[in-house]
1. From the list N134, N125, exactly one residue is polar (S, T, N, Q) and under 12 Å from A162 (Cβ atoms). Which is it?
2. Under 7 Å between Cβ atoms, which residue pairs at least 6 apart in sequence (or on different chains) link something in the range 11-23 that is surrounded by 15 or more Cβ atoms within 10 Å (Cβ to Cβ) with a partner that is among the acidic types (D, E) and part of a helix (DSSP H, G or I)?
3. Could you say which residue among Q81, Q171, Q90 is among the polar types (S, T, N, Q) and more than 23 Å from the chain's Cα centre (by Cα)?
4. If you check every pair at least six apart or on different chains, which have Cβ atoms under 7 Å apart with a residue in the range 163-180 that is farther than 11 Å from I98 by Cβ and modelled with pLDDT of 90 or more first and a residue that is in a helix (DSSP H, G or I) and of a type in the set (K, R) second?
5. When you look at Y108, is it in contact with a Pro (Cβ under 9 Å, 6 or more places away or on another chain), buried (at least 18 other Cβ atoms within 10 Å of the Cβ), of a type in the set (S, T, Y) and in a helix (DSSP H, G or I), yes or no?
6. Can you tell me which condition A131 does not meet? The list is (1) over 17 Å from W83 (Cβ atoms); (2) touching a helix residue (DSSP H, G or I) at 6+ places or on another chain (Cβ under 6 Å), and all the others hold.
7. Is at least one residue of the range 26-37 of a type in the set (D, E, K, R), under 30 Å from R163 (Cα atoms), out of contact with any strand residue (DSSP E or B) (no Cβ under 9 Å at 6 or more places or on another chain) and at pLDDT 85 or above?
8. Taking V119, is it part of a helix (DSSP H, G or I), of a type in the set (V, I, T) and closer than 22 Å to L169 by Cβ?
Amino acid sequence: MKWAGHPDLAEDDLQTAYCQVAAQSKPERIVNRRTYFLRVLKNEALKRYAPRTEVPLDDLDTALTPAPPVDEKVCNSLRDQSWLERLAGQRDRLLAAIPARSGDPDRYQGLVYETAGQVLRDGVNGEPSDADSNDAFGAAFPEYFAQPRASANLLHQRLRRAREDVRALLQAVVSHDELI
């Protein structure tokens, strides 16, 4: 009663302490069972008064989502690293596979390669990517993707094809089976 402060709480603490002691995997290691039981009981009662960390309302999803196991984090990290190394290691072959769609094919191919790399890095970091957005392509290569006298339909087709080229490059680096 002294630790719990109320008879109902004391009863709950006693029940929890009994269960914890009974669930002990190696009871033979307990030298003094009475002292051990009292320690478990006191810890259970005082746990109620431990300061709790506040969770900001806008971060509620993060707080309620359990953290992935360490082995899963390690495997994902190694997998992500292998994708980035594959992208860098196959750079020349991947660049050669990108269609030469503009009057400056090297610039177009380089942009598609860099965009795919940024999309991959953002994905590895768990962030959404706007690297292949209309604005990003237009800012990086305005002579082709934001040509002043070109029709809206032509510019739309160029942007669509560039995104298809980025997707094809990413599919060459990351197989569908690796995503499952």
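1. On the way: N125 fails: under 12 Å from A162 (Cβ atoms).
None of the others qualify; the one that does is N134.
2. D13/E44; T16/E44; A17/E44
3. On the way: Q81 fails: more than 23 Å from the chain's Cα centre (by Cα); Q171 fails: more than 23 Å from the chain's Cα centre (by Cα).
Being among the polar types (S, T, N, Q) and more than 23 Å from the chain's Cα centre (by Cα) holds for just one of Q81, Q171, Q90, which is Q90.
4. That search, which allows pairs on different chains as well, returns V173/R86.
5. Numbers: in contact with a Pro (Cβ under 9 Å, 6 or more places away or on another chain): yes; buried (at least 18 other Cβ atoms within 10 Å of the Cβ): yes; of a type in the set (S, T, Y): yes; in a helix (DSSP H, G or I): yes.
Considered against the rule, which asks whether it is in contact with a Pro (Cβ under 9 Å, 6 or more places away or on another chain), buried (at least 18 other Cβ atoms within 10 Å of the Cβ), of a type in the set (S, T, Y) and in a helix (DSSP H, G or I), Y108 comes out as yes.
6. Failing condition for A131: (1).
7. Taking the range 26-37 and keeping what is of a type in the set (D, E, K, R), we get 26, 28-29, 33-34.
Adding the requirement that they be under 30 Å from R163 (Cα atoms) leaves none.
Scanning the range 26-37 turns up no residue that is of a type in the set (D, E, K, R), under 30 Å from R163 (Cα atoms), out of contact with any strand residue (DSSP E or B) (no Cβ under 9 Å at 6 or more places or on another chain) and at pLDDT 85 or above.
8. Working: part of a helix (DSSP H, G or I): yes; of a type in the set (V, I, T): yes; closer than 22 Å to L169 by Cβ: yes.
Here the answer is yes, as V119 does meet what is asked.
The values are calculated or read from the model by the stated rules, or taken from the named source; none is laboratory data. If you're wondering where the values come from, they're calculated on a predicted model, not measured in any experiment. Glycine also receives a Cβ, built like all others from the backbone with ideal geometry; neighbour counts cover every protein chain displayed.
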